[in-house]
Structures are given as structure tokens and as C-alpha cells.
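The structure appears right after this line, and notes come after that.
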Amino acid sequence: VTVMGCGGGGNVSFHYPAESMAFPRLGEDHPTLFVELVHDLRPATQREGQGGLTTRRFPSDEHWDEPVTQIYYQALVQDLTQTDLVAVVPLRSQADYVLEVDINHLGCKVSRSGAGYALTGLLGAGLGYVVGQSGGAAAAGALIGIGAIPVPTRLRAVCEVQLKVRDADGEPFFTETCLGEITKDTWEGITSRKEQQWVDDYLTVAVKRANACLLGQLRQALTDRAADAASMEP
């Protein structure tokens, strides 16, 4: 699944890994499931991509071609299908179960060291003075240094989602919230804008981890229900 994104600050695509999560089959007949609604409950800081020099959140909503709800819907349906856990059906009337999704968090945050900016500025100023032997060259070097010299950087990608499943009679059957999170410490310059690489390397993995948790719990709930039904048979 590839979900494209665009915006005034550049394009970001969501390339969701195609590898499947291997779950043992529940039986010969798959339960049928209809994905009804995906609610976007993310905070404004994630929707708007807020941040400054030391902390920035991305991608903002304007950088996706499709809403985050559609991005996550496609990823979830892919995982539901590839796990061989249920059969996703297009009509609610065909379903044994109806699923709703709340997206609590989905996005990336990059945090850089404020002290690192001062150090890169000093290094750049020193280099500019040595090369240009002037205060003007030192000032220019400071600006270049701040932009180009790597500083300690922490990258965090997170996906927190709640699944709510009802049976065909509308009765609550399953509710679970799972968090997928990746944190990476690295060195990056202030001008580094590797949104596409960071989304590919970290956010997709965070979503995969959250879905693995959710679908593992859902499988257990379906297994328990099947066992209860079997015990009631004469």
C-alpha cells in the first residue's frame, strides 16, 4: 500500500510495508468484518505540524494527499487481510462484526539539542574567521555552521489506535487500545528535512507495531468466543 501526500512544504508518501503478520487460522470459515468508521482524534499539534527550531512535529495534515483517516484505514485493511484473521467485506449487511477506529496519535516528532545550536554556531564562526580573516566571514560561517553541522537529534514516531468491535446485533464485543512507538537518537543538521525517509523508516513501523498488538488481541477475543460457542453446543 502506498499513500501519497503533498503540501506547501513538500510531498510526503506513506509506503506501508507489505509483509504479513503470521496468525494461525481460527478455522475453515473466516469471520466477516466491516470497517465502518475511522475517527481522527489526534491533538492539534500533530494535525498542524507545530514546532520550532528545537522541536517539530510532522507531517502536518496539509502534507498528505488523503486524510490521515484514509491512510490508516488502508493500512489496517491490508493487515486484516494479510493476517488471514477475518474476511473484510464491503457491506455492513454481510458482516459478522462491525469495527470502528479511533486514531489518538499518528505522526513524528523531531527534537534537537538547543545547546548543540550554540556549539555549531561557534564552530561555524571559527571556521569562517580562519578562512576569511574577517568578522563578516565569521558571521556567515556561524549561519552556515548552524545549518550544516549535525547536532544531537531524537526522532520519535508514534501510532496509538483504539479498535471498537460490535457483533451483528450491535452489542459491544471487543475494545482495545495499542501503542506502536519508535525512538531513534541520531545526529542531524538544523536544515535536515528528511520527512520522507523518517516516515518510511519509523512511522510505518510504528503503525505496524500498533496493528500487530490490536490484531493479536482481536484474534484472542475471537478464539474465546468460538470456544464459548462450542461449549454451548449439545
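The values are calculated or read from the model by the stated rules, or taken from the named source; none is laboratory data. Quantities reported herein were computed from a predicted structural model and do not represent experimental measurements. Glycine also receives a Cβ, built like all others from the backbone with ideal geometry; neighbour counts cover every protein chain displayed. All accessible areas refer to the heavy atoms of the entire protein, side chains included, with ligands and DNA or RNA removed. Shrake-Rupley method; radii C 1.70, N 1.55, O 1.52, S 1.80 Å.
Descriptive notes on the structure:
- Residue match in region 46-65 (condition: open to solvent by less than 50 Å² (accessible area, probe 1.4 Å), in a helix (DSSP H, G or I) and either β-branched (Val, Ile, Thr) or in contact with a Ser or Thr (Cβ under 8 Å, 6 or more places away or on another chain) (or both)): no
- Where a residue in region 31-52 is closer than 17 Å to Val101 by Cα and its partner, wherever it lies, is open to solvent by less than 40 Å² (accessible area, probe 1.4 Å) and part of a loop (DSSP other than H, G, I, E, B), with Cβ under 6 Å and at least six apart: Thr32/Val89; Thr32/Ala95; Leu33/Val86; Leu33/Ala95; Phe34/Val89; Phe34/Ala95
- Filter pass, Leu26 being outside any strand (DSSP E or B), modelled with pLDDT under 95 and surrounded by fewer than 19 Cβ atoms within 10 Å (Cβ to Cβ): yes
- Filtered by the rule that a residue be assigned to a strand (DSSP E or B) and within 28 Å of Arg92 (Cα to Cα), region 164-207 gives Lys164, Val165, Arg166, Asp167, Pro172, Phe173, Phe174, Thr175, Glu176, Thr177, Cys178, Leu179.
- Selection over region 213-234 of residues that are open to solvent by 60 Å² or more (accessible area, probe 1.4 Å) and of a type in the set (Lys, Arg) gives a count of 1.
- When the residues of region 183-212 are filtered to those that are among the hydrophobic types (A, V, I, L, M, F, W, C) and surrounded by fewer than 19 Cβ atoms within 10 Å (Cβ to Cβ), the one that is nearest to Ser60 (Cα to Cα) is Val205.
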